[in-house]
Amino acid sequence: MVGVSVAHQTARRERDRPALPRVPALAVLAHYLVGYRRTWRAGVFSSFLLPVLTVLGFGVGVGAYVDQGVGGVRYLDWIVPGLLASTALQVAIGESTWPVLSNFQWIKTYFAQSAAPLRVGDILGGHLAFVLFRVFTTGAAFLLVMAVFGALRSPWAVATLPVVLLLGLAVAAPTFAFSSWAPSDSYLALLFRFAVIPMTLFAGIFFPVESLPVALRWLAYATPLWHGVDLCRAATLGVAPQWSIAGHLLYLAAWALVGWLLARRSFRRKLVL
């Protein structure tokens with residue numbers, strides 16, 4: 001009788017528990033959006049003013065010393081698609097490093113979410129969705145700045161938005177895995193120093209990859225950023241990319257898939273007892 005009573009009470013608690021949304025990850029996304037509603041003003045600089053300064057500094061300033069452009073294209077028009085892809089990558093990695101580490105080690109938000117009726121995939125997917133939201137809004141603002149400076153030469157430029165979303169996922173997912181594993185934030189500084197900065201310098205943003213030595217050229221091809229840069233540049237200039245569009249997309253999707261699997265495995269090890 002005691003066992004039946006306990007089972008009855010448990011069933012009643014389960015029945016009275018508030019129902020989750022059809023997609024629980026949306027509840028996690030809503031949590032981050034509510035917090036961002038109070039802090040979005042701090043991101044105005046990176047979302048709007050920083051693209052303006054970047055275009056002025058590199059596209060207009062440096063471009064004034066590049067007389068013939070690159071491949072017959074004005075240097076401003078050639079460089080800004082790469083800056084768009086680079087900005088999307090930096091936003092994605094910035095939102096996937098210290099915020100993830102702090103959710104595990106400092107404020108422990110992930111543990112609170114796992115105590116609710118949320119699965120590991122919901123926690124990870126909701127946070128990744130917020131990162132993609134940040135990438136999309138920043139990319140849209142950068143695209144608007146490019147239009148103001150007359151650096152868009154094709155209506156296909158709007159295709160850069162889904163490209164930067166895929167690029168953001170391709171770098172955010174493996175960064176989630178790394179940040180959830182990192183014992184301390186010093187490892188995140190190493191990530192920026194030995195991965196993000198070299199990738200930004202040698203992925204074809206400021207000069208053609210073909211001018212690099214063969215070994216460095218293939219290292220550039222291996223980075224997800226180069227594939228995003230090539231797609232964005234092809235879209236804004238209205239030309240064919242150096243590699244096939246399908247090849248670029250599949251390569252970025254592979255990074256995203258492997259990163260998701262690694263991140264989910266790392267999250268499960270820490271959150272599931």
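Here, each number is a calculation from the coordinates, and none is a lab measurement. Bear in mind the structure is a predicted one, so any value in this text is a computation, not a measurement. We place every Cβ from the backbone using ideal geometry, glycine too, and count neighbours over all the protein chains shown.
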Label-point gap, in nm, between A254 and R119 - each point 7 angstrom along Cα→Cβ: 2.7
5 angstrom amide H check on V70, placed H, neighbours 5+ away: Y75
C-alpha long axis of helix 120-148 to longest principal axis of the chain, angle in °: 30
Gaussian network model of the chain, Cα within-10 Å springs - most flexible of F104, F176, F194: F194
GNM top mover of V34, V196, V131 - the chain, alpha-carbon springs below 10 Å: V34
Rounded tilt (10° steps) of 245-271 against the dominant C-alpha axis of the chain: 30
In nm, spacing of pseudo-spin labels at V239 and R74 (7 Å Cα→C-beta vector): 1.6
Correct choice for semi-axes √(5λ) of the Cα gyration tensor in Å that was computed from the model, options (1) 27, 24, 17; (2) 32, 21, 18; (3) 41, 19, 17: (3)
Degrees between helix 75-94 axis and first principal axis of the chain (Cα, 0 to 90, nearest 10): 20
Choice from L53, L161, L101 showing the highest fluctuation, given a GNM over the chain with Cα pairs closer than 10 Å: L53
